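Trainee: Attaching a single structure in structure tokens format; questions to follow.
The values are calculated or read from the model by the stated rules, or taken from the named source; none is laboratory data. Just so you know, these numbers come straight off a predicted model, no measurement behind them. Quick reminder, even Gly has a Cβ in these numbers, built from the backbone with ideal geometry, and neighbours come from all protein chains shown.
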Number of protein chains: 4
Amino acid sequence: MSNDASTANEARDSFRHFLAIPTRWKDNDIYGHVNNVVYYSYFDTAIMNYLMVEAQIDVLTGAVLPFTVESKCRYYQSLSFPEVVDAGLRVARLGNSSVRYEIGLFRQQQDQPAAAGYFVDVFVDRQTQKPVSMPQHVRSALERLVSQDDEAVP
Amino acid sequence: MSNDASTANEARDSFRHFLAIPTRWKDNDIYGHVNNVVYYSYFDTAIMNYLMVEAQIDVLTGAVLPFTVESKCRYYQSLSFPEVVDAGLRVARLGNSSVRYEIGLFRQQQDQPAAAGYFVDVFVDRQTQKPVSMPQHVRSALERLVSQDDEAVP
Amino acid sequence: MSNDASTANEARDSFRHFLAIPTRWKDNDIYGHVNNVVYYSYFDTAIMNYLMVEAQIDVLTGAVLPFTVESKCRYYQSLSFPEVVDAGLRVARLGNSSVRYEIGLFRQQQDQPAAAGYFVDVFVDRQTQKPVSMPQHVRSALERLVSQDDEAVP
Amino acid sequence: MSNDASTANEARDSFRHFLAIPTRWKDNDIYGHVNNVVYYSYFDTAIMNYLMVEAQIDVLTGAVLPFTVESKCRYYQSLSFPEVVDAGLRVARLGNSSVRYEIGLFRQQQDQPAAAGYFVDVFVDRQTQKPVSMPQHVRSALERLVSQDDEAVP
């Protein structure tokens, strides 16, 4: 049911930055697996951690904020508390005001992801909420994540 | 940034079943808007509420369970606590063991959605976790949601 | 294990304001019950809904904010998705800058709570984060919730 | 507002087991601080991680399950994404079927907690949901956490 995923390179080494995300007890649903919604929280955390730690964006008072306009996830394998997930991050498209992040979630020691997906974010002005060019220090940080890959997470 | 959404009919009256979902305080993020991850919890809740209340699936002991294999959301407008969101649900594709749900999230009295997306679920056997035909009472309930529309949420 | 709860009046009619909170699919944990953490989100939502809708506090730009300094919950019965919970709210102690909210969570048509607890909040200045007197319109709204009861949720 | 906390020893070295819990983006609320509800998820995660990893309880099929009957938290300092929190765990009271866990949440390199609280759990039979003696391997694991301290988190 996810055959077309094979057209994209989602292997661990295709990602440029990693964050270890320990699962939490409450992530597990009634089936004993991490609920599908929570995967997006892992994506979100990987992205915002990079933006805050590496790109030094100031989420409380900065003039420019990232807004998410689209997101997607394909689920290949279950995850379960208490395992630790490695979130791999790369940038597939870097525009003037927008960016497409691709994320793979990897179980320990696995090369193929348990899930993969993307977030499309647009940087907006805090006051007007209109799209604006991303600040240069953000662009520089995101350029370091740009994938060499031609094929994106579908 | 979401121009191609216009090719799909996402208006309120294109959905077949509605659930009112009040936002919660914790849904709001640092910007005072419902965090993008939480939209998927609204999707999830609309689907599972329908399956449990209308299709009478037994999530604790039933032999067949729904697993989510893919999900997506496009964000058009912000939502904020304490507003109540109307989640519209329809079925765009009903297979033997799989189903594509489409969901629109509507602010009160609005005809166009604040966000729209889909979940692709596969019914699996609880023991083997392999895809199986969905039970007839589930299929019957899902058939009532099948959209007349030719165009799906992109 | 909750014998001393009997010394407090936690019956439905001892609360002064009610909010219906539908459970969400993701609230359920591995045992098919609402996870114990989520009860606090119901408490939080009941309080903030009252503050925003009835007391008209402005959480985004208001000069005075509520900070929680202590919270507690006693769990008597399980809750499960998709049931709707009635959150009853009352004020047990109303100080100059602080307030003790008591909350009971009721299943439909039940007179005794499935869980009960409290939040102690202190109003602080947004800039200095020091305690300040709560604004008069907030105090007036909270006075309407003051319980006649002598005994508090333990 | 938390003066009586000084009667309990909540310093880092009074806890017997530690788990590093990275905050997540979604933990932050509108004020840019970890929402008060989320602290309980850190407590919950510290406890269940210990039970699953150290005490080897089987949450999916084991005959005996822990149910939470009471929980409490006192908030001393704000936490914020992306910081990593150290959750300290100890056992203050170990009964036949029940246990009182005390938890302190510590910012990196800090000796006094940002928050502290407790969970009272009762072990119940999976079928009858009645309290039962905890299994010996669980008791042994919990005995290793018993605090020497006379004073409990209030």
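Trainee: Can you name every residue in the stretch D:17-32 that is touching a Lys or Arg at 6+ places or on another chain (Cβ under 8 Å) and modelled with pLDDT under 95?
Mentor: Correct list: D:29 only.
Trainee: What about residue B:99, is it away from chain C (no Cβ under 14 Å), out of contact with any Lys or Arg (no Cβ under 6 Å at 6 or more places or on another chain) and on the phi < 0 side of the Ramachandran plot?
Mentor: Yes, satisfied.
Trainee: Sticking with this one: Is it fair to say residue C:57 is farther than 30 Å from residue A:36 by Cβ, crowded, with 16+ Cβ neighbours inside 10 Å, among the β-branched types (Val, Ile, Thr) and within 14 Å of chain B (Cβ to nearest Cβ)?
Mentor: Values: farther than 30 Å from residue A:36 by Cβ: yes; crowded, with 16+ Cβ neighbours inside 10 Å: yes; among the β-branched types (Val, Ile, Thr): yes; within 14 Å of chain B (Cβ to nearest Cβ): yes.
It is true that residue C:57 is farther than 30 Å from residue A:36 by Cβ, crowded, with 16+ Cβ neighbours inside 10 Å, among the β-branched types (Val, Ile, Thr) and within 14 Å of chain B (Cβ to nearest Cβ).
Trainee: Filter the stretch D:13-27 down to the residues that are in contact with a Gly (Cβ under 6 Å, 6 or more places away or on another chain) and surrounded by fewer than 17 Cβ atoms within 10 Å (Cβ to Cβ) and list them by number.
Mentor: D:18
Trainee: In addition: What single numbered condition from (1) surrounded by fewer than 19 Cβ atoms within 10 Å (Cβ to Cβ); (2) in a strand (DSSP E or B); (3) more than 14 Å from the chain's Cα centre (by Cα) fails to hold for residue C:123?
Mentor: (1)
Trainee: Let me ask something else about it. Is it the case that some residue within the stretch D:28-46 is within 28 Å of residue C:114 (Cβ to Cβ), within 10 Å of chain A (Cβ to nearest Cβ) and surrounded by fewer than 22 Cβ atoms within 10 Å (Cβ to Cβ)?
Mentor: no
Trainee: Among (1) within 22 Å of residue A:23 (Cβ to Cβ); (2) surrounded by 14 or more Cβ atoms within 10 Å (Cβ to Cβ); (3) more than 13 Å from the chain's Cα centre (by Cα), where does residue A:108 come up short?
Mentor: Going through (1) within 22 Å of residue A:23 (Cβ to Cβ); (2) surrounded by 14 or more Cβ atoms within 10 Å (Cβ to Cβ); (3) more than 13 Å from the chain's Cα centre (by Cα) one by one, residue A:108 breaks only (2).
Trainee: If we only count strands (runs of 3 or more DSSP E) wholly inside the stretch B:1-118, which ones have 2 or more residues that are hydroxyl-bearing (Ser, Thr, Tyr)?
Mentor: Hits in the stretch B:1-118: B:64-75, B:98-106.
Trainee: While we're looking at this one, here's another question. With respect to the numbered conditions (1) surrounded by fewer than 18 Cβ atoms within 10 Å (Cβ to Cβ); (2) of a type outside the set (Asp, Glu); (3) within 13 Å of chain C (Cβ to nearest Cβ); (4) within 16 Å of the chain's Cα centre (by Cα), which one is the sole condition not fulfilled by residue D:94?
Mentor: The single condition residue D:94 does not satisfy is (3).
Trainee: Could I ask something else about it? Any residue at all in the stretch A:74-88 that's touching a His at 6+ places or on another chain (Cβ under 9 Å), at the interface with another protein chain (Cβ under 10 Å from one of its Cβ atoms) and either surrounded by fewer than 17 Cβ atoms within 10 Å (Cβ to Cβ) or among the hydroxyl-bearing types (Ser, Thr, Tyr) (or both)?
Mentor: yes
Trainee: Now for a different question. Out of all the residues in the stretch B:28-48, which are farther than 13 Å from residue A:36 by Cα and either in contact with a Pro (Cβ under 6 Å, 6 or more places away or on another chain) or acidic (Asp, Glu) (or both)?
Mentor: B:29
Trainee: Residue A:141 is checked against (1) of a type outside the set (Ser, Thr, Tyr); (2) crowded, with 19+ Cβ neighbours inside 10 Å; (3) part of a strand (DSSP E or B) and fails just one. What number does that condition carry?
Mentor: Checking residue A:141 against (1) of a type outside the set (Ser, Thr, Tyr); (2) crowded, with 19+ Cβ neighbours inside 10 Å; (3) part of a strand (DSSP E or B), the one that fails is (3).
Trainee: Among (1) in contact with a strand residue (DSSP E or B) (Cβ under 6 Å, 6 or more places away or on another chain); (2) hydrophobic (A, V, I, L, M, F, W, C); (3) more than 12 Å from chain C (Cβ to nearest Cβ); (4) more than 30 Å from residue D:33 (Cβ to Cβ), there is one condition residue B:19 misses while meeting the rest; what is its number?
Mentor: (3) is the only condition that residue B:19 fails.
Trainee: Which one of these is in contact (Cβ under 8 Å) with a residue 12 or more places away in the chain, among the aliphatic types (A, V, I, L, M), under 29 Å from residue B:126 (Cα atoms) and touching a Cys at 6+ places or on another chain (Cβ under 7 Å): A:87, A:115?
Mentor: A:115
Trainee: Still on this structure: With respect to residue A:63, determine if the residue is farther than 28 Å from residue D:46 by Cβ, buried (at least 16 other Cβ atoms within 10 Å of the Cβ) and at pLDDT below 95.
Mentor: Answer is no for this residue.
Trainee: Count, please, the residues in the stretch A:68-82 that happen to be within 26 Å of residue A:8 (Cα to Cα) and either modelled with pLDDT under 95 or in contact with a Lys or Arg (Cβ under 8 Å, 6 or more places away or on another chain) (or both).
Mentor: Matching residues across the stretch A:68-82 total 7.
Trainee: Same structure, new question: Would you check if there is a residue in the stretch A:126-138 being aliphatic (A, V, I, L, M), at negative phi, surrounded by 16 or more Cβ atoms within 10 Å (Cβ to Cβ) and assigned to a strand (DSSP E or B)?
Mentor: no
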